[in-house]
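All of the numbers you see were taken from the coordinates with simple rules; none came from a lab. Remember, it's a predicted structure, so these values are computed and weren't measured experimentally. Backbone-built Cβ (ideal geometry, glycine too); neighbour counts: all protein chains shown.
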Amino acid sequence: MIALALAALAACAKPTTAPAAGVQKLKGTVLETKNSGGVTYVHLKSGADERWVVTAPTDVKAGAAVTVQIVDNVAFGRIEEAAVKVEKAEGSDAKTVAEIWASKSALKDRQVVVRAKVVKFLPSIMGKNWMHVRDGSGSHANGDDDLAVISDDPAKVGSVVTLTGTLRVDKDFGAGYQYPVIIEGAKLK
């Protein structure tokens, strides 16, 4: 998304042709700005409306009156993740993500096996690798579609892994990091 925004902004910053008739411009007062990822986000008040606009890096300050040229064909949004569908691992300890959530009290401090897709990976936090995995079971609305996992093993986002680890329930790491369900000491295949 940032790359797309930068490409659009670069085209805007150094036009190679004169702007087409009817190019829209937005005038307003800057309420606040945030610089991130090589762009500037500007919270702009225009009449009764407020909106965020993305510009090439700039040093505009709150209270400044500005005009922003609107770039067509650029859409910003949140990508909805494609549905995950991973077959359940084999074996008596094998569970789906939803089964682990549903049986968390019975499985507490027991070894579990789950095959799932790595959807988030954070290396070297408190000396361990942290990840989130999903297999397509459960639902986001119920909160039983995702498992947090701690491992010494590395993983790549998007890879399907079979992991074996100890299920912990109501784990509190302090500083607001509490997990109703988490797998610790996971070994990945």
Report the Cα centroid-to-centroid distance between the range 114-143 and the range 33-89 in angstrom, as an integer. 28
Test of understanding: ordering 52, 101 by Cβ neighbours within 10 Å, fewest first, what list do you get? 52, 101
The range 97-188 pair-distance distribution - Cα-Cα, 10 Å bins, rounded %: 18, 55, 27, 0
Dividing the mean separation of Cα pairs under 8 Å (6+ apart) by the residue count of the range 87-126 yields a relative contact order in percent of 47
Which order results if 121, 76, 173 are arranged by neighbouring Cβ count within 10 Å, fewest first? 76, 173, 121
How far is helix 2-13 tilted, in degrees, relative to the longest principal axis of the Cα atoms in the chain, given as a value from 0 to 90 rounded to the nearest 10? 10
Counting just the Cα atoms, what span does the chain cover along each of its three principal axes? Round to the nearest Å and put the largest first. 68, 34, 31
So which of 85/156; 45/120; 156/187 end up more than 26 Å apart, counting from Cα to Cα? 45/120
Lys and Arg at +1, Asp and Glu at -1: add these up for the other residues within a Cβ distance under 15 Å of residue 87 and post the number. +4
Residues listed by number, the range 89-116, amide nitrogen under 13 Å from residue 159 label point at 7 Å toward C-beta: 116
For the chain, set up a Gaussian network in which alpha carbons nearer than 10 Å are linked by springs, and say which option among 85, 45, 128 fluctuates the most. 45
